[in-house]
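Take a look at the structure below.
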């Protein structure tokens, strides 16, 4: 007869040394440990051992475990596991796994309700829930505080896109942000973070600001909106907008560069990325001058943007070199990955416009940041309610990880 398989479940208040006591007993009876898991939630312990022993040791092992339960005041249950049940656990090991990150503005119960309902409907099982944001101090508990959590889920789904579509609808309705990523080695080893510039890293469209100084703001803004909505070709629209700037003093670049602001969370995000050794890039359909200024301020490693021809201190209305459009953005991201000798899946791209979509799709993690509806609906991951530093939580960082950074 095959040696029986047992599930030993320990529950109760967490007590230092409890695992050592149980494990010592298992060693005493020469029990083979097949699996072990532990979680502590609000000082309450859940500890499980899956073990195999021979029939002769079964009764005395149960007695020894029962003695420990009495001694420490915990509930310890020992139950036999039949072959079919064990085989089911083994087969579930190979199921696809995903990381689902929730960023809630304080209505965490509503977000968890929506997400757990959707995952259940698609046959996904939630294995663990991990808090990423710090616990709320008592003096702030009545306030609306952001809550960030990470769910580890598993299961086979025919169409992951349909899960994300349902999550997107719920997120728009209930006011939370989310990311659903495959739980693989690349997700845990991102190395490059690339940003669009205008309206992503900074709070303005530089070409619109230049146009206002030149008195053609309305004309340029109309073309910009059409391009960002994906209604006209970017290269065509860019040449048309730059042509409207003809005759503008090149000093306007300095004036605009001094007036634009970083979007919320940008400085914190770059500080953390530098601390942990990530490479950063700006890949923009905007202007190289502003990108170079940001590079000096934030310590950005790569800047790729458009360079205007200036003659006699005036913008000529012409562009030097190849225009950085949607396809060129994705190409530049691939070039950076090659230079850094990493897989493209180890890159992160963040943008807000239609011309960012190819870059977002090429990256291992593509995030639509406060994006236009078309972009948000097309991207797999979106941040619409928080600052740029929320990207850190999609990367798996917790507030605890960031202490002192």
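The values are calculated or read from the model by the stated rules, or taken from the named source; none is laboratory data. All values derive from a computational prediction rather than experimental measurement. Here the Cβ positions follow ideal geometry from the backbone for every residue, glycine too, while neighbour counts run over all protein chains shown.
Just a yes or no: is a residue in the stretch 328-343 touching a strand residue (DSSP E or B) at 6+ places or on another chain (Cβ under 9 Å), part of a strand (DSSP E or B) and either closer than 26 Å to residue 373 by Cβ or not assigned by TED's automatic domain parsing to the domain that holds residue 243 (or both)?
No: the stretch 328-343 contains no residue that is touching a strand residue (DSSP E or B) at 6+ places or on another chain (Cβ under 9 Å), part of a strand (DSSP E or B) and either closer than 26 Å to residue 373 by Cβ or not assigned by TED's automatic domain parsing to the domain that holds residue 243 (or both).
Anything in the stretch 132-160 that is surrounded by 15 or more Cβ atoms within 10 Å (Cβ to Cβ) and either closer than 24 Å to residue 46 by Cα or in contact with a strand residue (DSSP E or B) (Cβ under 6 Å, 6 or more places away or on another chain) (or both)? List them, or say none.
132, 133, 147, 148, 149, 150, 151, 152, 153, 154, 155
Within the stretch 162-189, track down each residue that is within 15 Å of residue 121 (Cβ to Cβ) and part of a helix (DSSP H, G or I). Give the steps one after another, and end with the answer.
Here is the first cut: in the stretch 162-189, the ones within 15 Å of residue 121 (Cβ to Cβ) are 162-170, 180.
Once the filter is applied, which keeps residues that are within 15 Å of residue 121 (Cβ to Cβ) and part of a helix (DSSP H, G or I), the stretch 162-189 yields 162, 163, 164, 165, 166, 167, 168, 169, 170.
Residues of the stretch 189-211 being without any contact (Cβ under 8 Å) to a residue 40 or more places away in the chain and in contact with a strand residue (DSSP E or B) (Cβ under 9 Å, 6 or more places away or on another chain), which ones? Can you show your working first?
In the first step, residues of the stretch 189-211 are kept if they are without any contact (Cβ under 8 Å) to a residue 40 or more places away in the chain; the result is 208, 211.
Correct list: 208 only.
Kindly establish whether residue 197 is under 21 Å from residue 367 (Cβ atoms), modelled with pLDDT under 90 and either surrounded by fewer than 18 Cβ atoms within 10 Å (Cβ to Cβ) or in the same structural domain as residue 346 (by TED's automatic domain parsing) (or both). I'd like the intermediate steps shown before the answer.
Numbers: under 21 Å from residue 367 (Cβ atoms): yes; modelled with pLDDT under 90: no; either surrounded by fewer than 18 Cβ atoms within 10 Å (Cβ to Cβ) or in the same structural domain as residue 346 (by TED's automatic domain parsing) (or both): yes.
Judged against the criteria, residue 197 is not a match.
Inside the stretch 255-277, can you point out the residues that are within 20 Å of residue 305 (Cβ to Cβ), modelled with pLDDT of 95 or more, in a helix (DSSP H, G or I) and out of contact with any helix residue (DSSP H, G or I) (no Cβ under 8 Å at 6 or more places or on another chain)?
Within the stretch 255-277, 273 is the sole residue that qualifies.
Counting only residues that are touching a strand residue (DSSP E or B) at 6+ places or on another chain (Cβ under 7 Å) and under 19 Å from residue 280 (Cβ atoms), which one in the stretch 239-269 is surrounded by the most Cβ atoms within 10 Å (Cβ to Cβ)?
263
Here's a check for you: in the stretch 132-153, which residue that is modelled with pLDDT of 95 or more and assigned to a strand (DSSP E or B) is farthest from residue 94 (Cα to Cα)?
148
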